[in-house]
Each structure stands twice: as structure tokens, then as C-alpha cells.
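Comments concern the structure below.
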Amino acid sequence: MWHKIDLRIPRNFKALHYDFEAMYRYAVDISRGGLLEINFVDIGSDSLLTYIANRSSHLRRLRVSDFLGITRIGIFEAVEKLPLLEEVEFSFWCIREELIKGIGQSCPNLRTLKLNSKFYMKSADKVALTIAETMPGLCHLQLFGNGLSYTGLKAIFHNCPNLEHLDLRHCFDVNFVEDLEKRFSERIKVVRRANFF
């Protein structure tokens, strides 16, 4: 019990004076080190993330969505303590290559990475090249709203040989050249591409 915490706070509840972080901390405490998955949606802070990382070394999945109270530094410091992470998802963040590098170096078991940008990130090849360099074990990669180009895509394809699922929706700078598209279809089971309609 208490292997997964998915506490979603409706936006209209934020006006109420509940201590939602205290609820998270309590749930982490009663998991007694058995927490495997946690989702932060519209709530969180660096101190809460540190609290969880210090008490949940077996965490396998981390999802942070719609909340700016957790910083890149907070995430970086937490993932250093979470080497068993297999899945990481960030939604509506501008992710930089330094954070990706830290996650890749700290989490050798990482199999799924989902980066969902609320704002289209132009020229994001640095992030793509860092993924290719530090995350060779990826099986599932989602880069929603990422501005990677053919260069970044090619690097990911060549350096992530286990990739089975690639989601590139809203990645409008990717131009599938014929030879790469053929190789993608031969090796990757599911490719979701940018929709231009």
C-alpha cells in the first residue's frame, strides 16, 4: 500500500487554506520507503521534492506538471538521490540540457522520458543531443512541442538503440528525410509525428 501518490489539487481548491504539502509528506511517511511513483500536478516545492527523495530511494516514476514551485536545481538535486528512476515526465517546463544531462547520468535505469512543453521550444537540438549522449537505454521518448531538428533526431536514433516509441507531436522543425524515415519504420514500433493540419 502507498506505492503511488497521485494527489491532484483542483485549481479552485487552492484558495482554501489546506496544507497540501503536509498531505504529501504524510503520505510519503506512511509509505515507509515503499513509494514507487509520485505525481506533482499544480503543487510542489523543492523542499517537498527533497523530502521525498530522502525517504523514497526506490522511486521508479516521477511526474511534475503545471507547477513552477519546483525548480530545475531542486529536480537535479533530487534525481541524484533517485538512481532507480525508470520514468520521468515534465510537462509545461522549459527544459535545459544541463538538467537532462544530470538525469541521464544519475538514472542509469531510465527507460521513459516525457518532455511536454507548453510553449514551442525553438532550436532544441542541445536537449536532443544530450538525450542521445546520456540516455542510451531509452525505450519511450516523448518530446511534445520541442524544436529539435534533423540533427537532434538523427543523434537520438543512432544512440538510443532500444527506442520503441517516439512521440514528436508539435515538433515542427523535424524534417524526416527519406532514408531516416525508412530506418525509423524498420526499428521503432510507434512513431507519432508533428501534425501540420
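The values are calculated or read from the model by the stated rules, or taken from the named source; none is laboratory data. Predicted, not measured: the structure shown is a model, and the values here were computed from it. Here the Cβ is made from the backbone with ideal geometry for all residues, glycine too, and neighbour counts use every protein chain on show. Remember, those area values only see protein heavy atoms, side chains included, never the ligands or the DNA or RNA. Shrake-Rupley method; radii C 1.70, N 1.55, O 1.52, S 1.80 Å.
Has region 62-82 got at least one residue that is modelled with pLDDT under 85 and within 22 Å of residue 133 (Cα to Cα)? Among the residues of region 62-82, at least one is modelled with pLDDT under 85 and within 22 Å of residue 133 (Cα to Cα), which makes the answer yes.
Of everything in region 35-46 that's open to solvent by 10 Å² or more (accessible area, probe 1.4 Å) and at pLDDT below 90, which residue is farthest from residue 83 (Cα to Cα)? Explain how you work it out, then say what you get.
Narrowing region 35-46 to residues open to solvent by 10 Å² or more (accessible area, probe 1.4 Å): 36-37, 41-43, 45-46.
Narrowing further to those that are at pLDDT below 90: 41-43, 45-46.
On the way: 41: 22, 42: 25, 43: 23, 45: 20, 46: 18 Å.
My answer is 42.
Filtering region 76-92 to residues that are open to solvent by less than 60 Å² (accessible area, probe 1.4 Å) and more than 10 Å from the chain's Cα centre (by Cα) leaves 78, 79, 82, 83, 84, 85. Could you please let me know if residue 97 is within 22 Å of residue 132 (Cβ to Cβ), open to solvent by 30 Å² or more (accessible area, probe 1.4 Å) and not basic (Lys, Arg)? Spelling it out, residue 97 is indeed within 22 Å of residue 132 (Cβ to Cβ), open to solvent by 30 Å² or more (accessible area, probe 1.4 Å) and not basic (Lys, Arg).
Of the residues making up region 127-164, not one is of a type in the set (D, E, K, R), touching a Leu at 6+ places or on another chain (Cβ under 9 Å) and closer than 15 Å to residue 100 by Cα.
Can you list the helices (runs of 4 or more DSSP H) found entirely within region 99-197 that contain at least 1 residues being closer than 23 Å to residue 58 by Cα and at pLDDT 90 or above? Full working, then the answer.
On the way: elements: 125-134, 150-159, 178-187.
Per the criteria, 125-134.
The number of residues in region 30-70 that are more than 24 Å from residue 106 (Cβ to Cβ) and part of a helix (DSSP H, G or I) comes to 1.
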